[in-house]
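Heads up: the structure comes next, in structure tokens.
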């Protein structure tokens, strides 16, 4: 039962009075959420965050006086509370959003119509879900532990990665499918950069994210990874040493175009709660690779991928679920574990080593 004492206390920050009113109404339509304050610019949100000490902040990236990135840095540095960024669906908005995620934002929600949008109803459920997940997470403590571990165990491929172009036939390589959702952009950065360019596998990454963001997401990962990271494009030949990021709003599947050759497909069907769907991609890759695949399920709300993890394990493949120790939201991996679909359970910083050791 929701009581005033256990509601999630939210601080809303946006320079538009219309957006502040709209966001407040959408958030407070959920009995488990309460807006305890609003802020009109970057300086205002930092001041009110220090005074009010909310459970979570919904914050626009583009704000006057002190921009959203600078405000986020102060809030994260002072460990006040998690922050969910509200970002415009533009190229610049995508780049700034990923910068915010790297600096410690919990996650983001896109504004459907740009910087000022009165029609937020299409993302209202996602916003409320992520605000609750952020408030319930211990992401600040986990981020601190993660940074400490990264300092002790630096990624050998982070600096100027050397690229290889392995062209061994499909029959000689394996496949790795990584499914990840809420909290994923920051978490996956602990995995992919630790995989060498000559890895004898093709990697398929399914991150629940709008289509206008997945291209920028892939390019940003590509800058820090030894494997080649690219947004999936229909007709692309599947190769080892490449990571294919599922395009938002489309499925990511593979198709055997001839003996020893697989190509990517990006159909709009089937319709699923999330597109791309982890279950859909895992099923397609399992059909093509059989037991020669590894399924990985990481942080996220819900159970997308959990059923396929069970099937991959039953068919002779290997499965890895992220542990509660590092998962920002222990939803998807927990479902896989509870259904018996995980051979191994380990924190994000050990997943790359677990993948490579089973290739």
Rounded tilt (10° steps) of 124-136 against the dominant C-alpha axis of the chain: 90
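Just the number, please: percent antiparallel of the DSSP beta bridges in the chain, rounded to the nearest 5.
The answer is about 10 percent antiparallel.
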Principal axis box of the range 4-136, alpha-carbon based, largest edge first, Å: 39, 33, 24
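Where the eigenvalues come from the Cα gyration tensor of the range 170-357, what are the semi-axes √(5λ) of the equivalent ellipsoid, largest first, in whole Å? Please report the intermediate quantities before stating the final value.
On the way: eigenvalues 87, 64, 58 Å².
Those come to 21, 18, 17 Å.
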Values of log10 I(q)/I(0), in the order q = 0.12, 0.17 Å⁻¹, for the range 192-292 under a Debye, Cα-only, solvent-free model: -0.36, -0.73
0 to 90° range, to nearest 10: angle between helix 211-222 axis and the chain longest Cα axis: 70
Distance histogram in 20 Å bins (all Cα pairs of the chain, percent per bin): 31, 56, 13, 0
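Arrange the peptides 177-189, 5-17 so that the one whose residues have, on average, the most other Cβ atoms within 10 Å appears first.
Details: 177-189: 26.4, 5-17: 19.7.
So the peptides 177-189, 5-17, ranked by packing, come out 177-189, 5-17.
Pull out the extension gain between residue 50 and residue 103, defined as 0.36 nm times the separation in residues minus the alpha carbon to alpha carbon distance; nm, one decimal. Spell out each step's value before the answer.
Details: separation 53, 0.36 × 53 = 19.08 nm, distance 1.89 nm.
This chain segment gains 17.2 nm when fully extended.
Taking R0 as 51 Å, what FRET efficiency do you get between residue 65 and residue 273 from their Cβ-Cβ distance, rounded to the nearest 0.05?
Once the sixth-power term is evaluated, E becomes 0.85.
What ranking of 59, 332 emerges when the number of other C-beta atoms within 10 Å of each C-beta is taken as an exposure proxy, fewest first? Display every interim value, and only then the final one.
On the way: 59 26, 332 29.
Fewest-to-most ranking of 59, 332: 59, 332.
For residue 223 and residue 359 in the same chain, what is the full-extension length gain: residue separation times 0.36 nm, less their Cα-Cα distance, in nm?
Details: separation 136, 0.36 × 136 = 48.96 nm, distance 2.41 nm.
Stretched out fully, the residue 223 to residue 359 stretch lengthens by 46.5 nm.
Helix-only mean residue ellipticity at 222 nm, the chain, DSSP H runs n ≥ 4 weighted -39,500 (n - 2.57), per residue, nearest 500. What is it? All intermediate terms of the calculation are to be shown ahead of the outcome.
Values: 12 runs with 127 residues, N = 359.
Dividing the helical sum by the residues of the chain leaves -10500 deg cm²/dmol.
Find how much the distance from residue 77 to residue 136 grows on full extension, using 0.36 nm per residue of separation minus their present alpha carbon separation; answer in nm with one decimal.
Working: separation 59, 0.36 × 59 = 21.24 nm, distance 1.93 nm.
Extra length available between residue 77 and residue 136 comes to 19.3 nm.
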In degrees, nearest ten, helix 42-52 long axis to first principal axis of the chain (Cα): 80
Label-point separation, residue 95 to residue 311 (7 Å along Cα→Cβ), nm: 4.0
Centroid-to-centroid separation of the range 300-359 and the range 169-218 [C-alpha atoms, Å]: 14
FRET E, pair residue 261, residue 346, Förster distance 35 Å, beta-carbon r, rounded to 0.05: 0.55
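By average Cβ neighbour count within 10 Å, what is the ranking of 223-229, 76-82 from highest down? Don't skip to the answer; put the middle values down first.
Working: 223-229: 20.0, 76-82: 17.3.
My ranking of the peptides, most packed first, is 223-229, 76-82.
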For peptides 94-101, 310-317, 264-271, sequence by mean Cβ density within 10 Å, most packed first: 94-101, 310-317, 264-271
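Read-outs: derived from the displayed coordinates by stated rules, not from any lab. Since we're looking at a predicted model, the values are computed, not measured. Because the Cβ atoms are built from the backbone with ideal geometry, glycine has one as well, and the counts that use them run over all protein chains shown.
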